[in-house]
Amino acid sequence: MKQYAIGIDIGSTCAKAVVLDEEKHVIERFLLPTGWSSVETAEKLKERLSSFFPDAVTVATGYGRACVPFADRSVTEITCHGKGAAFLYGAPALTVVDIGGQDTKIILLENGTVSDFLMNDKCSAGTGRFLEVMANTLGLRLETLCELASTGGGVSISSMCTVFAESEVISLIGRGEPRENIAFAVVDSIVTKVASQASRLLQANGAVCLTGGLCELPYLRQALEKKLGRMVVTSPDGRYAGAIGAALLARKDGATG
Amino acid sequence: MADYVQMWKDLGMDLESHDVLCSVLPTAVGDVFMTQQNRPKAMDFWDLVISEVHGIRPAELIEEQKKGRKVFGTFCVYVPDEVVIAANGIVTGLCGGSQFWVPGGEAVLPKSTCPLIKASVGARLGRTCPFFRIADMYVGETTCDGKKKAYEILGEDVPMYVMDVPQMKRPEDIIKWKNEIAAFAKKVEEFTGNKLTPEKLNEAIKLVNEKRKALARVYNARKSECLPISGRDALLMMQIAFFDDPARCAQMCNRLADELEQRIKDGVSVVPAGTKRILVTGTPLAVPNWKLHNIIETSGAAVVCEEMCTGTRYFENLVDETKTTLDEQFMALSERYMKTNCACFTPNTGRIDDILRMVKEYKVDGVIDCSLKFCCLYDTEKYSVSRALKEAGVPILSLETDYTDTDAEQLRTRIGAFVEMLDG
């Protein structure tokens with residue numbers, strides 16, 4: 001009988017599911033907006049995963065991890081992102097930068113396990129939410145904002161607070177600043193904040209990898225690379241790092257593998 | 001439960017507000033304490049005290065006041081209880097551990113003041129803490145800027161005496177603190193009308209030392225691999241120690257220690273073998289602030305020690321009992337109190353030495369350094385604490401929080417991840 005390992009990562013914005021087979025191949029992955037109810041989202045995930053039950057072990061992670069009644073256990077997203085990133089990038093020593101919807105994590109990995117980590121405070125500066133709010137204010141999609149940003153420059157936003165930063169953006173709009181320059185300032189602000197957070201943990205050696213929803217924005221990766229002065233790598237599965245980590249932990253050898 | 005309504009009314013308390021406060025406490029106590037398995041039987045004393053925390057002890061204090069004794073309310077472990085006790089006065093801690101009082105404090109203080117100060121001022125001005133109503137005099141100290149300014153506001157409402165704590169620990173600072181103690185003694189003599197004698201002060205020194213030894217015995221039991229008491233229960237004992245009669249406190253702590261020592265002999269532990277052992281360090285956890293311990297201990301780890309004012313700083317180091325003149329005794333007191341390592345001193349490397357020592361003594365797997373929001377001193381010191389621990393190879397998690405529950409889930413994620421990291 002086949003034994004599947006399922007990882008569910010219910011983040012603040014997006015719920016991710018990954019199924020691994022016995023050879024640790026990703027045989028299914030998908031995402032859903034988390035919406036207003038983690039419980040309902042978990043139900044929807046379960047429906048779509050129904051063909052894998054009951055021959056599966058499930059681990060839930062993310063802010064909604066407590067709302068997944070069909071999970072066998074829950075593990076924090078820090079441990080899962082660490083495991084997932086180690087799996088995706090394979091390097092023995094790695095600094096993981098995960099920019100999520102409501103928090104940014106810097107995770108240090110040694111030999112594939114978490115050795116230290118940092119998370120932003122309650123404040124949303126340096127998170128995906130910050131970018132989302134600014135994109136809305138500018139009437140842009142996230143992807144377009146980042147593309148535009150790559151052609152802009154010369155402006156900066158000084159407020160760390162999302163609400164104040166939004167006022168700053170509105171002032172910039174008011175004085176007729178071109179949108180690409182404002183977009184540049186928005187990305188620069190988030191990257192500066194993330195880099196300053198990362199600098200507290202960043203080690204001299206080892207790769208830096210970007211996970212979480214924002215890793216699919218090429219300009220953001222480039223900007224972070226420039227700010228850190230280090231190569232920053234991503235993976236097409238970067239957004240699923242937490243869910244992959246959870247699935248790995250669902251395997252019998254999860255604790256060690 | 002006894003009826004304390006008349007007493008609260010006589011104290012001029014705001015009964016309506018106070019009812020709101022009283023109505024949330026039982027749920028909190030139930031959630032944090034009563035859900036635990038296999039608690040030491042001797043905790044029944046603290047369960048009773050906390051269930052009527054605004055009743056039992058306040059009633060006792062009022063009885064003593066009727067006999068002419070004075071009650072001194074204090075905010076800090078630097079204020080020498082011995083001096084008050086020697087003049088037949090009573091020392092009590094003051095409330096300041098609940099979010100309930102914070103908005104009242106924010107009515108007069110800047111929002112960027114630490115929650116402990118805001119809660120204390122709110123408890124006094126809102127008339128919802130009997131201890132603040134009962135105290136005949138408050139004794140403050142200059143351990144932080146927020147408190148210094150808050151004392152000026154409290155002082156408008158009640159007699160307030162402030163002791164000037166040195167900021168360094170040079171030999172001249174020990175002498176300075178001795179002189180402060182002598183000046184405080186004079187004030188206490190005036191206020192109580194009782195003269196201090198070397199005999200009385202010696203008795204008081206011995207009494208408080210006995211209390212320290214009893215608290216230390218309980219902490220000693222927590223050093224055992226077989227953990228006989230949870231961090232939450234030990235914290236509750238410690239928090240109540242600030243309010244209780246010192247002789248009874250010692251008696252009850254010794255009774256608890258007896259049971260804990262027996263448990264160790266019998267191999268009775270409150271957690272499964274292999275549970276990760278956490279040392280908590282940082283700013284004080286005033287009653288009823290159990291948030292941090294509760295999250296840690298419901299995330300699969302156990303708190304085995306608090307390097308805090310509501311912890312080891314309260315009982316470590318004894319006062320020399322052999323001195324025979326007031327002058328020598330004041331110096332002995334100063335020497336003992338100045339051994340307490342608070343972030344208000346510069347430098348404060350002694351605290352790091354303490355933490356590293358306790359990591360060994362209590363067989364600690366990881367340290368959580370937590371400061372209250374807006375406590376600039378402890379927040380800044382996190383840098384050197386964290387560096388020293390990393391150098392020593394001890395995992396450390398630095399946190400900042402307040403009394404609200406708004407960050408409970410974020411804390412749960414960080415603490416959960418930290419415990420998972422320790423579990424490897």
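The values are calculated or read from the model by the stated rules, or taken from the named source; none is laboratory data. Predicted model only: the values in this text are computed from it and were never measured. Every residue, glycine as well, gets a Cβ built from its backbone with ideal geometry; the counts of neighbours run over all protein chains shown.
Can you name the residue in the stretch B:8-38 that is under 22 Å from the mean Cα position of the chain (by Cα) and surrounded by 14 or more Cβ atoms within 10 Å (Cβ to Cβ) and is also farthest from B:C253 (Cα to Cα) among such residues?
B:L21
Condition check: farther than 18 Å from B:L411 by Cα, within 12 Å of another protein chain (Cβ to nearest Cβ) and either part of a strand (DSSP E or B) or in contact (Cβ under 8 Å) with a residue 40 or more places away in the chain (or both). Does A:G126 satisfy that?
Working: farther than 18 Å from B:L411 by Cα: yes; within 12 Å of another protein chain (Cβ to nearest Cβ): no; either part of a strand (DSSP E or B) or in contact (Cβ under 8 Å) with a residue 40 or more places away in the chain (or both): yes.
So A:G126 fails the test.
Checking the structure you have, find out if any residue of the stretch B:112-130 is basic (K, R) and crowded, with 21+ Cβ neighbours inside 10 Å. Walk me through how you get there before you give the answer.
So in the stretch B:112-130, the residues basic (K, R) come out as B:118, B:124, B:127.
Remaining after also requiring crowded, with 21+ Cβ neighbours inside 10 Å: B:118, B:124.
Yes.
Please give the number of the condition B:R133 fails out of (1) charged (D, E, K, R); (2) part of a helix (DSSP H, G or I); (3) closer than 18 Å to B:C375 by Cα.
Among (1) charged (D, E, K, R); (2) part of a helix (DSSP H, G or I); (3) closer than 18 Å to B:C375 by Cα, B:R133 violates only (3).
Out of the residues in the stretch B:392-409 that are out of contact with any strand residue (DSSP E or B) (no Cβ under 7 Å at 6 or more places or on another chain) and outside any loop (DSSP other than H, G, I, E, B), state the one that is nearest to the other protein chains (Cβ to nearest Cβ). Give the derivation first.
Residues of the stretch B:392-409 that are out of contact with any strand residue (DSSP E or B) (no Cβ under 7 Å at 6 or more places or on another chain), as a first pass: B:392-393, B:403-406, B:408-409.
Those still in the list that are outside any loop (DSSP other than H, G, I, E, B) too: B:408-409.
Details: B:A408: 11, B:E409: 7 Å.
The residue in question is B:E409.
Only one of A:L210, A:L214, A:L220 is outside any helix (DSSP H, G or I) and under 20 Å from A:L131 (Cα atoms); which?
Working: A:L214 fails: outside any helix (DSSP H, G or I); A:L220 fails: outside any helix (DSSP H, G or I).
None of the other options fit; the residue is A:L210.
Does the stretch B:301-338 hold any residues that are without any contact (Cβ under 8 Å) to a residue 12 or more places away in the chain and polar (S, T, N, Q), and which are they?
Passing the criteria: only B:T322.
Filter the stretch A:42-64 for residues that are of a type in the set (S, T, N, Q) and within 14 Å of chain B (Cβ to nearest Cβ) and give the result.
So the first thing to find is which residues in the stretch A:42-64 are of a type in the set (S, T, N, Q), and the list is A:50-51, A:58, A:61.
The answer is A:T61, and nothing else.
Which of the residues spanning the stretch A:1-49 are part of a strand (DSSP E or B), without any contact (Cβ under 8 Å) to a residue 24 or more places away in the chain and within 18 Å of A:R129 (Cα to Cα)? Steps first, please.
Initially, the stretch A:1-49 is screened for residues part of a strand (DSSP E or B), giving A:4-10, A:14-20, A:26-33.
Applying the additional criterion that residues be without any contact (Cβ under 8 Å) to a residue 24 or more places away in the chain yields A:27, A:30, A:32-33.
Scanning the stretch A:1-49 gives A:L32, A:P33.
Filter the stretch A:5-25 down to residues that are touching a strand residue (DSSP E or B) at 6+ places or on another chain (Cβ under 6 Å) and either over 16 Å from A:G100 (Cβ atoms) or among the β-branched types (V, I, T) (or both) and give me whichever is surrounded by the most Cβ atoms within 10 Å (Cβ to Cβ).
So in the stretch A:5-25, the residues touching a strand residue (DSSP E or B) at 6+ places or on another chain (Cβ under 6 Å) come out as A:5-9, A:14-21.
Subset that is either over 16 Å from A:G100 (Cβ atoms) or among the β-branched types (V, I, T) (or both): A:5-6, A:8, A:17-21.
Values: A:A5: 25, A:I6: 26, A:I8: 31, A:A17: 27, A:V18: 28, A:V19: 22, A:L20: 25, A:D21: 14.
Looking at residues that are touching a strand residue (DSSP E or B) at 6+ places or on another chain (Cβ under 6 Å) and either over 16 Å from A:G100 (Cβ atoms) or among the β-branched types (V, I, T) (or both), I get A:I8.
Within the stretch A:87-113, track down each residue that is at negative phi and assigned to a loop (DSSP other than H, G, I, E, B). Reasoning before the result, please.
Step one: of the stretch A:87-113, the residues at negative phi are A:87-89, A:91-110, A:113.
Answer for the stretch A:87-113, where residues must be at negative phi and assigned to a loop (DSSP other than H, G, I, E, B): A:A91, A:P92, A:G100, A:G101, A:Q102, A:D103.
Filter the stretch A:82-94 down to the residues that are crowded, with 24+ Cβ neighbours inside 10 Å and not hydrophobic (A, V, I, L, M, F, W, C), then identify the one that is farthest from the other protein chains (Cβ to nearest Cβ). Talk me through it step by step, then tell me what you get.
The initial filter retains those residues of the stretch A:82-94 that are crowded, with 24+ Cβ neighbours inside 10 Å, namely A:82-86.
In the following step, the residues that additionally are not hydrophobic (A, V, I, L, M, F, W, C) were identified as A:82-84.
Working: A:G82: 9, A:K83: 10, A:G84: 14 Å.
So, considering only residues that are crowded, with 24+ Cβ neighbours inside 10 Å and not hydrophobic (A, V, I, L, M, F, W, C), the one farthest from the other protein chains (Cβ to nearest Cβ) is A:G84.
Just to be sure I understand, how many residues within the stretch B:234-247 are part of a helix (DSSP H, G or I), buried (at least 23 other Cβ atoms within 10 Å of the Cβ) and not polar (S, T, N, Q)? Full working, then the answer.
Initially, the stretch B:234-247 is screened for residues part of a helix (DSSP H, G or I), giving B:234-241, B:246-247.
Keeping just the survivors that are buried (at least 23 other Cβ atoms within 10 Å of the Cβ) gives B:234-239, B:241.
Adding the requirement that they be not polar (S, T, N, Q) leaves B:234-238, B:241.
Going through the stretch B:234-247 one residue at a time, the tally reaches 6.
Would you be able to tell me the number of residues in the stretch B:34-75 that are assigned to a helix (DSSP H, G or I), closer than 26 Å to B:I117 by Cα and aromatic (F, W, Y)?
1
May I ask you to verify whether A:I157 is among the aliphatic types (A, V, I, L, M), buried (at least 17 other Cβ atoms within 10 Å of the Cβ) and within 14 Å of chain B (Cβ to nearest Cβ)? Break it down stepwise before answering.
On the way: among the aliphatic types (A, V, I, L, M): yes; buried (at least 17 other Cβ atoms within 10 Å of the Cβ): yes; within 14 Å of chain B (Cβ to nearest Cβ): no.
Criteria not met by A:I157.
Yes or no, residue by residue, for (1) more than 11 Å from every other protein chain (Cβ to nearest Cβ); (2) within 23 Å of A:M160 (Cβ to Cβ); (3) surrounded by fewer than 24 Cβ atoms within 10 Å (Cβ to Cβ):
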{"site": "A:A66", "(1), (2), (3)": "no, no, yes"}
{"site": "A:P69", "(1), (2), (3)": "yes, no, yes"}
{"site": "A:C80", "(1), (2), (3)": "no, no, no"}
{"site": "A:M119", "(1), (2), (3)": "no, yes, yes"}
{"site": "A:A135", "(1), (2), (3)": "yes, yes, yes"}
{"site": "A:L142", "(1), (2), (3)": "yes, yes, yes"}
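May I ask you to say which residue of A:T79, A:T58 is in a strand (DSSP E or B), touching a residue at least 60 places away in the same chain (Cβ under 8 Å) and not basic (K, R)? Outline the logic, then answer.
Numbers: A:T79 fails: in a strand (DSSP E or B).
Selected residue: A:T58, the only one of A:T79, A:T58 that is in a strand (DSSP E or B), touching a residue at least 60 places away in the same chain (Cβ under 8 Å) and not basic (K, R).
Given (1) surrounded by 15 or more Cβ atoms within 10 Å (Cβ to Cβ); (2) free of Cβ contacts under 8 Å to residues at least 12 places away in the same chain; (3) away from chain A (no Cβ under 14 Å), where does B:D354 come up short, assuming only one miss?
Just one mismatch for B:D354, condition (2).
If you check A:A183 against the conditions, is it out of contact with any Cys (no Cβ under 9 Å at 6 or more places or on another chain) and modelled with pLDDT of 90 or more?
no
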